[in-house]
1. Residues with amide H under 5 Å of Thr266's amide H, sequence separation 5 or more or different chain, H placed in the peptide plane at 1.01 Å from N; which?
2. Express in Å², to the nearest 10, the accessible area of Cys95 obtained by rolling a 1.4 Å probe over the protein heavy atoms while all chains stay in place.
3. Students sometimes get this wrong: rank Glu166, Glu196 by accessible area, probe 1.4 Å, all chains present, largest first.
4. Could you tell me which of Trp122, Leu213, Leu175 has its Cα farthest along the dipole of the stretch 87-244 towards the positive end, charges placed at Cβ (Lys, Arg +1; Asp, Glu -1), taken about the Cα centre?
5. Highest first, please rank the peptides 236-242, 109-115 by the mean number of other Cβ atoms sitting within 10 Å of their residues.
6. I'd like the carbon and sulfur percentage of the solvent accessible area for the stretch 304-367, probe radius 1.4 Å, heavy atoms only, ligands and nucleic acids excluded.
7. Among Asp119, Asp361, what's the order by accessible area (1.4 angstrom probe), most exposed first?
8. In what sequence, largest accessible area first, do Ser268, Ser36 appear using a 1.4 Å probe?
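The values are calculated or read from the model by the stated rules, or taken from the named source; none is laboratory data. Since the structure is predicted, the reported quantities are computational estimates derived from the model, not experimental observations. With ideal geometry, Cβ positions are generated from the backbone for all residues, glycine too; neighbour counts draw on all protein chains shown. We work out accessible area using only protein heavy atoms, side chains counted, and drop any ligands, DNA or RNA first. Shrake-Rupley method; radii C 1.70, N 1.55, O 1.52, S 1.80 Å.
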Amino acid sequence: MSSSPFRNRYRDSPPAGAPGRKRSQFTYRHFNQMASYNPSCPLRVIAHLDLDCFYAQVEMVRLRIPEDKPLAVQQWQGLIAVNYPARAFNIGRHCTVTEARKLCPGLIAQHVATWREGDDKWAYRDDAAEHIATDKVSLDPYRLESRKIMTIIKEHLPSGNLQKVEKASIDEVFLDLTAHVHAVMMERFAELKGPEPYGDVNEELPMPGVTALDWKADALVDLGGGDEEGADGEFDDPDWDDVALLVASEIVRNVRGVIREKLGYTCSAGVSRNKLLSKLGSAYKKPNQQTVIRNRAVRHFLSGFKFTKIRNLGGKLGELVAQAFETEAVSDLLKVPIEQLKLKLGHENGVWIYETLRGIDTSEVNSGTQIKSMLSAKSFRPDINNAEQATKWLRIFAADIFARLVEEGVLEHKRRPKTINLYHRHGNQTRSRSGPIPARTLNEEGLFELAKNLFRQITQEGNIWPCSNLSLSVAGFEEGVSGNMGIDAFLVKGDEARALRSSESARTSSKEVDVSTRQQPAAKRRRIDGGGGGGIQRFLTKREPSQDTRPAPEDDLVRKNGGETTLGTSKTYVASGAGWSEEPLPEEAQAGSRRSPIMTHACSRCDANLESTEELQSHLDWHFAKDLQEEERVSQAFANRQASAAASNPRVGSQKGSASASASGPKKSTGKAKKKPERGQSKLKFG
Ligand code: TTP
Ligand code: CA
Ligand code: CA
């Protein structure tokens, strides 16, 4: 038994249900719920893994640099990732390369790979930093490593229904380990097998037959001492929620070990009952550590945070709540009665925030999250002035996007985008053209031709030089063939093919979608801040907390990134990717402006303001689908496929499974949590 993390409570353990024996606070029903990932199951176990100084580690492994050497990843004159030895010199993302070298003369500053005007492959170049005008950052090396990490995690975990993995950003994943842990517990603890007394699943489980849990090197969040120790404190015997977390933490430790062994990367992890807490947990102790937040420690754990650090409460939203209550501390807000939260924030939002501050979060881990669009773009400094230059960039964009499409499985006919779009900015004017991508043109050369075609249409309008930004994107992804349907099923057919052919001969759609001024976002911002009616409520109502698993693109990220934009501005739109960090650095950072990051989610085609890149993308997918439907009379089938998913709710991810969508909004989770308080949690004394 020495290798077991559990120590036996009783040498001669009284049988389950024997008189005098304390019962668990969990029932057989709760335990059974684990197998089906029931989001309100009080024995849920969710992990969040986040790679340590990710881009820096990728460079260190690639260049075989010893782990104790200080290294930072450079983008032009700024730093976008700093390894831990370099952090010891007080070097951070806020530093320029020059400042960093002053702090640590031995610093290795590795510039990110770039595409160069006229070239069609990205490369690591010694002189990239001086070529901001002709180079464009490529994050491909990090995307590729990110994929490898995902693959290893998926291979390591049991397959099928016991696995639920969500890629949350380029260097983060959520794991719902509940079903897996359930299976392990069934094997290890005979007392959980039942049968339940009197055949009643609502009967309480016997207490675990273990008295102390060995958490190995895990960082355990302590309980804060004081009055809690008697009720839910350290001296209380472990219950099944602790056991479930312990089993999960073993799994997570192993996953981290495999990533380390196979790829050389360290990561940190948080293990708890939900996404909200696990995400906070992974950042709690870094690097290369894992933090377990037991249910009995939740209150103490959260009370130490600023609520602006909580998922979905970062950025503008947190700021607004902070303004409303004149505090950023969770501990302060915990004292605010729910009625008052509702009064100031609206009913739903008040309840949502009330629960969030208490660590209640029933949002699900979505394994199906897929890329919905890809964008490749460049902001020119100085502006470019002729078609020849523009064409060189279009070639780069086509190559960039096609390489990512290959990764998405386009060659294996797994998925393909159906629309292509080109944005062009001249002064304050933004123009855009889009069209369908016929299946036969789905290669690098084909995309390049389509892009040039769209560009010609924009050129025909005249008055397009100088140009300060070009952005090429593909969207409207469609699942490819499965099983034995073969390639034919992947190619367009029938009405759809006819529609595409006719639109092709019409040289793609040429609708001017946006001619607006740079001032517009500021106007929109004012409206959000409360000037235009609705104020904070209007802003909050659009929140879909559980849909957006990415860290909010907070202001400080904009500040920190001294780099280039490959994606979105308020005029162009942003590829959804698997997370914001796959995405470009906001170009406003370069210009030194402090534009609100929320504005990067303004739809350039209508007045909508979306909360995240993903939502914006769904919304734009919907526009695309509508365009095609209306202008090119694409067959009903095609239009339906495209539009129904997004149009039914353009604000939420159109690809999400219905289960996750329905359980994810603040309203739903509120409802559930309210109707049926979770047992494990009900014992915690909340503010
Ligand atoms: P993070 O996970 O935020 O940071 P990190 O992995 O560098 O460091 P930590 O150990 O604290 O987790 O971001 C992941 C990668 O995303 C990071 O390595 C580089 C990129 N990134 C930027 O390019 N700009 C940014 O402002 C941030 C925050 C990240
Ligand atoms: Ca990280
Ligand atoms: Ca991260």
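1. Amide H to amide H, under 5 Å and 5 or more residues apart or across chains, Thr266 pairs with Asp52.
2. 10
3. Heavy-atom accessible area, descending, gives Glu196, Glu166.
4. Trp122
5. Numbers: 236-242: 20.4, 109-115: 22.4.
Most protected by this proxy first, the peptides run 109-115, 236-242.
6. Here it works out to 49 percent.
7. My answer, sorted largest first, is Asp119, Asp361.
8. Ser36, Ser268
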